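K.L.:
Below is a structure I'd like to ask you about.
The values are calculated or read from the model by the stated rules, or taken from the named source; none is laboratory data. Remember, predicted model here, so these are calculated numbers, not experimental data. Cβ atoms come from the backbone with ideal geometry, glycine included; neighbour counts cover every protein chain shown. These accessible areas exclude ligands, DNA and RNA; they are computed on the full protein's heavy atoms, side chains included. Shrake-Rupley method; radii C 1.70, N 1.55, O 1.52, S 1.80 Å.
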Amino acid sequence: MAKLFLGLDSSTQSLSAVVIDLDTRKVIYEQSLNFDKALPQYGTQNGVLPNPDPLVKHSSPLMWAEALDLMFARMKKDGVALGDILAISGSGQQHGSVYLNNHAGDALANLNPQKSLVDNLDGVFSRPTTPIWMDSSTAAECAEIRKQLGGIKATAEATGSDTFERFTGPQIRKFYQTEPEAYAHTASIALVSSFMASLLAGKIAPIDHGDGAGMNLMDIRKKVWLPDALQATAPDLKKKLPPLAESWKVIGPVSPYFVRKTGLNPEAQTLVWSGDNPCSVVGLGLICEGRVAISLGTSDTYFGLMKKCRTDARGEGHVFSSPTGDYMTLICFKNGSLAREKIRDIYGIKDWKNFGAALTATPPGGRGGILLPWFEAEIVPRVNRPGIQRFDLNDQDAALNCRAIVEAQMMSMRLHSQWMQVLPDSIYATGGASNDLTLLQVMADVMNCRVERIEISKSAALGAALRAAHGWLVAAGKKPAWEQLVAGFTDPVPNSEIRPNPKAAKVYDQLIEKYARCEQKALQRLAKT
Ligand code: XUL
């Protein structure tokens with residue numbers, strides 16, 4: 001019998017599945033269900049329910065449950081050997097909260113396979129919708145909780161992050177303040193990850209330390225609910241939260257509902273789920289300190305593992321627990337690909353090939369010009385009022401401006417990841433723009449670090465499958481080494497290594513000081529406008 005492990009990823013727009021065979025070290029099945037297309041009856045757009053308030057972004061937990069039924073039906077139809085799956089884990093979009101009443105426990109324990117999950121869940125929600133990570137309607141609650149916890153630095157130090165609108169604590173506070181009766185009828189609050197795990201296990205599932213760290217409610221070092229944070233958030237909250245658990249915790253065998261309906265093995269184990277970012281950390285093979293990933297997407301993100309817990313006193317970066325039992329960081333720069341695209345379009349540059357040619361045609365350091373590319377409000381550094389600014393840079397020079405935006409983005413990553421006190425020794429570049437080798441050369445030079453490309457489209461689902469294997473082995477009394485577990489699944493693209501050019505690296509060691517000064521000046525200028 002093959003040793004198969006299933007990883008699911010309930011993300012903003014889709015539910016994905018990855019099945020791995022641990023012996024052959026192969027991904028044997030991949031599938032994705034797009035919510036808008038597969039379940040149009042919920043009326044979501046890109047996985048989000050329409051709302052007149054642009055700050056409010058909710059989705060439907062029933063839609064995610066229905067997607068789970070559909071996914072198993074699809075896997076069965078596609079001939080996946082469901083009976084050979086030994087353990088299942090998952091990944092969820094982080095921060096979103098699901099509100100259950102006191103019927104939920106019974107309903108989960110008695111899921112009837114003659115009915116759909118949606119019918120089984122009738123009447124178990126104390127709030128029909130879930131605020132998700134895109135919601136930014138809780139600025140007031142963030143300020144209140146931050147104040148109670150002693151300000152930005154103290155909040156980050158205690159919970160791993162400053163309060164953020166999308167984080168679960170501020171969202172729970174808003175629910176309590178705006179709908180106190182519904183809050184009172186809430187018996188259990190789940191994250192997207194723990195809600196999905198609860199369906200599979202047929203009982204209220206724990207929240208893992210990785211996703212728990214995205215709530216502003218967990219003591220990031222002791223990994224227990226933080227009494228001061230609970231108190232600053234809402235009354236009686238401790239009673240409504242499930243226990244916290246290590247990321248490799250086995251919840252128990254899969255619910256008989258899935259055994260009867262899909263042919264899963266009754267001994268298949270369910271593990272706690274985690275957030276998509278913690279899952280991606282292992283799904284991209286970032287299992288040792290110093291190996292980081294830079295994802296170049298709509299936003300650019302910098303993330304990697306940290307052995308020792310350090311937090312960002314400026315409150316810009318996040319610290320979560322990593323599925324390896326260490327810590328991880330996530331730093332999100334909002335002005336990523338879209339900002340590069342804006343510059344490309346402003347200067348009428350036809351395509352990315354020509355953009356790359358502009359980088360090649362200009363010298364590292366771009367003759368000292370600095371561009372702050374805040375086309376949109378920025379997270380790191382915090383910029384509420386967008387605006388782009390130039391220092392010693394001629395705005396008529398297209399090529400220099402192309403170089404300046406990429407250099408600024410890379411210098412910002414270098415500068416704003418210093419609080420981790422972990423110098424990268426190897427960078428995995430991923431995301432759309434990672435195909436652009438000229439851009440990766442600038443990355444290697446600014447970071448003074450080798451860069452390799454990694455092409456894993458479903459890193460969160462793969463990470464979840466690897467976590468399922470890890471948890472199953474731990475439960476069997478083994479001591480699986482992460483390096484061995486990920487080998488073969490998370491290897492970078494062969495021959496994709498780009499090494500830093502020592503001369504260019506020297507230029508950036510100097511220029512980054514100027515960049516830091518210009519950033520400060522730009523922030524001061526914007527604050528005055
Ligand atoms: C992380 C965050 C997003 C979601 C996306 O803090 O909000 O990356 O996890 O699913």
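K.L.:
Using a 1.4 Å probe on the protein chains only, how many percent of the accessible area of the range 395-529 belongs to carbon and sulfur?
P.N.:
Here carbon and sulfur together make up 50 percent of the probe-accessible area.
K.L.:
When only Cα pairs under 8 Å and 6 or more residues apart are kept, what is the percent relative contact order across the range 1-76?
P.N.:
The value is 23 percent.
K.L.:
Separate question: Taking the convex hull of the Cα atoms, report for the chain its projected area averaged over all directions, in nm².
P.N.:
One quarter of the hull surface, i.e. the mean projection, equals 23.8 nm².
K.L.:
Here is a follow-up. Expressed as a rounded percentage, what relative contact order does the range 134-238 have, with Cα pairs under 8 Å and six or more residues apart?
P.N.:
This gives 31 percent for the range 134-238.
K.L.:
Averaged per residue, what accessible area in Å² does the range 330-408 show with a 1.4 Å probe, protein chains only?
P.N.:
Value for the range 330-408: 43 Å² per residue.
K.L.:
Counting DSSP beta bridges in the chain, what percent are antiparallel, to the nearest 5?
P.N.:
So the antiparallel bridges in the chain amount to around 70 percent.
K.L.:
Over the range 16-87, average the accessible area per residue using a 1.4 Å probe and give it in Å², no decimals.
P.N.:
For the range 16-87, the solvent-accessible area averages 45 Å² per residue.
K.L.:
Taking the Cα centre of the chain as origin, work out the dipole magnitude from +1 charges on Lys and Arg Cβ and -1 charges on Asp and Glu Cβ, in debye rounded to 20.
P.N.:
In total the dipole reaches around 720 debye.
K.L.:
Cα atoms only, the range 446-510: Rg and Dmax in Å?
P.N.:
Considering the range 446-510 through its Cα atoms, Rg and Dmax are 17.4, 53 Å.
K.L.:
Here's another thing I want to ask about it. Using only the Cα atoms, what convex hull volume per residue in Å³ does the range 412-487 have?
P.N.:
Here the figure is 124 Å³ per residue.
K.L.:
What percent do you get for the relative contact order of the chain when only Cα pairs under 8 Å and 6+ apart count?
P.N.:
Answer for the chain is 15 percent.
K.L.:
Suppose all protein chains stay in the model; what accessible area per residue would a 1.4 Å probe give for the range 114-268, in Å²?
P.N.:
39
K.L.:
Can you give me the solvent accessible area of residue 287 with a 1.4 Å probe, rounded to the nearest 10 Å²?
P.N.:
Residue 287 has an accessible surface of roughly 20 Å² with all protein chains in place.
K.L.:
Anything in the chain that counts as a DSSP H helix reaching 30 Å or more along its axis (C-alpha) with Kyte-Doolittle mean of at least -1.0? List them, would you?
P.N.:
In the chain, the long hydrophobic H runs are 502-528.
K.L.:
Convert 20 °C to kelvin, take the viscosity as 1.002 mPa s, use the Kirkwood radius over C-alpha pairs of the range 377-426 as Rh, and evaluate the Stokes-Einstein diffusion coefficient in µm²/s, rounded to a whole number.
P.N.:
Once the numbers are plugged in, D ends up at 167 µm²/s.
K.L.:
Report Rg (one decimal) and Dmax (nearest whole number) for the range 281-431, counting Cα atoms only, units Å.
P.N.:
Gyration radius and largest Cα-Cα distance of the range 281-431: 16.3, 51 Å.
K.L.:
Still on this structure, please answer the following. Diagonalise the Cα gyration tensor of the range 87-243 and give the resulting equivalent ellipsoid semi-axes, square root of 5 times each eigenvalue, largest first, whole Å.
P.N.:
Largest first, the range 87-243 gives 27, 16, 13 Å.
K.L.:
I'd like the trypsin sites (Lys or Arg not before Pro) in the range 439-529 restricted to DSSP loop residues with at most 12 other Cβ atoms within 10 Å, sorted by number.
P.N.:
Filter output for the range 439-529: 478.
K.L.:
So, how do all the Cα-to-Cα distances of the range 122-188 break down into 10 Å bins, in percent, from 0 on up?
P.N.:
21, 45, 27, 6, 0
K.L.:
Tell me, what % of the accessible area of the range 1-159 is carbon and sulfur with a 1.4 angstrom probe?
P.N.:
Summing carbon and sulfur atoms, their accessible area is 51 percent of the total for the range 1-159.
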